[in-house]
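Down below is the structure, laid out as structure tokens.
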Amino acid sequence: MAATPKGPVNIHASAVAFGTTGLLILGASGSGKSSLALQLMALGATLVADDRVIATPDLNGGLRMTAPPDLQGMIEARGVGLIRVDHRPAMAVYAVTLDEVETARLPETHDTVIADVTLPLLRKVESPAFPAMLYALLNGGRVAP
């Protein structure tokens, strides 16, 4: 008999989606979560949530991401203000942390656990192409070297 999934957790994060494929953006306050979300939205992503993400495990082992009702469809752009945008829920396929920098050219895989769900974890890459890298990953997937 399968275990009942843990209930929803409200985490300090941002999230975007390409279709139903979601990216959970983790990092300390001021690390650039909203900025990365905005850059990905400029490439065609849709906002899931900014500042707070409700992460709910489903019965199939996935992690559904939604925005708290009072934050739905809003993202903070520092120096501009709160901006109203389209939003949608999504299933998390990857997580990225802005608190650690990846220095390996072809890095090993890393994982994180959110609400008892294990997600592949990427580390921030210090490159102007980082949002484009994430865009390509979310639209094509990762190939093992």
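What are the residue pairs meeting all of these: first residue in the stretch 126-145, first residue basic (Lys, Arg), second residue in a loop (DSSP other than H, G, I, E, B), Cβ atoms under 9 Å, and 6 or more apart or on different chains?
Close Cβ pairs satisfying both conditions: 142/109.
Could you please let me know if residue 63 is in contact with a His (Cβ under 9 Å, 6 or more places away or on another chain), surrounded by 14 or more Cβ atoms within 10 Å (Cβ to Cβ) and either among the hydrophobic types (A, V, I, L, M, F, W, C) or modelled with pLDDT of 95 or more (or both)?
No.
What's the total number of residues in the stretch 59-70 that are out of contact with any strand residue (DSSP E or B) (no Cβ under 6 Å at 6 or more places or on another chain) and in contact (Cβ under 8 Å) with a residue 12 or more places away in the chain?
2
With the checklist (1) out of contact with any helix residue (DSSP H, G or I) (no Cβ under 6 Å at 6 or more places or on another chain); (2) farther than 23 Å from residue 142 by Cβ in hand, flag the one item residue 122 doesn't pass.
(2)
What's the total number of residues in the stretch 47-99 that are within 15 Å of the chain's Cα centre (by Cα) and among the charged types (D, E, K, R)?
6
At positive phi and not acidic (Asp, Glu): is that true of residue 44 in this structure?
yes
Within the stretch 93-120, track down each residue that is free of Cβ contacts under 8 Å to residues at least 60 places away in the same chain, aliphatic (A, V, I, L, M) and touching a strand residue (DSSP E or B) at 6+ places or on another chain (Cβ under 8 Å).
Within the stretch 93-120, 101, 113 meet the criteria.
Of the residues that make up the stretch 103-112, is at least one under 30 Å from residue 59 (Cβ atoms) and either in a helix (DSSP H, G or I) or of a type in the set (Val, Ile, Thr) (or both)?
yes
Checking the structure you have, find out if any residue of the stretch 125-132 is of a type in the set (D, E, K, R), over 20 Å from residue 54 (Cβ atoms), modelled with pLDDT under 90 and assigned to a loop (DSSP other than H, G, I, E, B).
So the first thing to find is which residues in the stretch 125-132 are of a type in the set (D, E, K, R), and the list is 126.
Then keep just the ones that are over 20 Å from residue 54 (Cβ atoms); that gives 126.
Now restrict to residues that are modelled with pLDDT under 90: none.
Scanning the stretch 125-132 turns up no residue that is of a type in the set (D, E, K, R), over 20 Å from residue 54 (Cβ atoms), modelled with pLDDT under 90 and assigned to a loop (DSSP other than H, G, I, E, B).
Kindly indicate whether any position in the stretch 71-78 is in contact with a helix residue (DSSP H, G or I) (Cβ under 9 Å, 6 or more places away or on another chain), modelled with pLDDT under 95, surrounded by fewer than 17 Cβ atoms within 10 Å (Cβ to Cβ) and farther than 12 Å from residue 17 by Cβ.
Yes, the stretch 71-78 contains at least one residue that is in contact with a helix residue (DSSP H, G or I) (Cβ under 9 Å, 6 or more places away or on another chain), modelled with pLDDT under 95, surrounded by fewer than 17 Cβ atoms within 10 Å (Cβ to Cβ) and farther than 12 Å from residue 17 by Cβ.
The values are calculated or read from the model by the stated rules, or taken from the named source; none is laboratory data. Everything numeric here is computed off the predicted structure, so don't read it as measured data. Note that we place each Cβ from the backbone using ideal geometry, even for glycine, and neighbour counts take in every protein chain shown.
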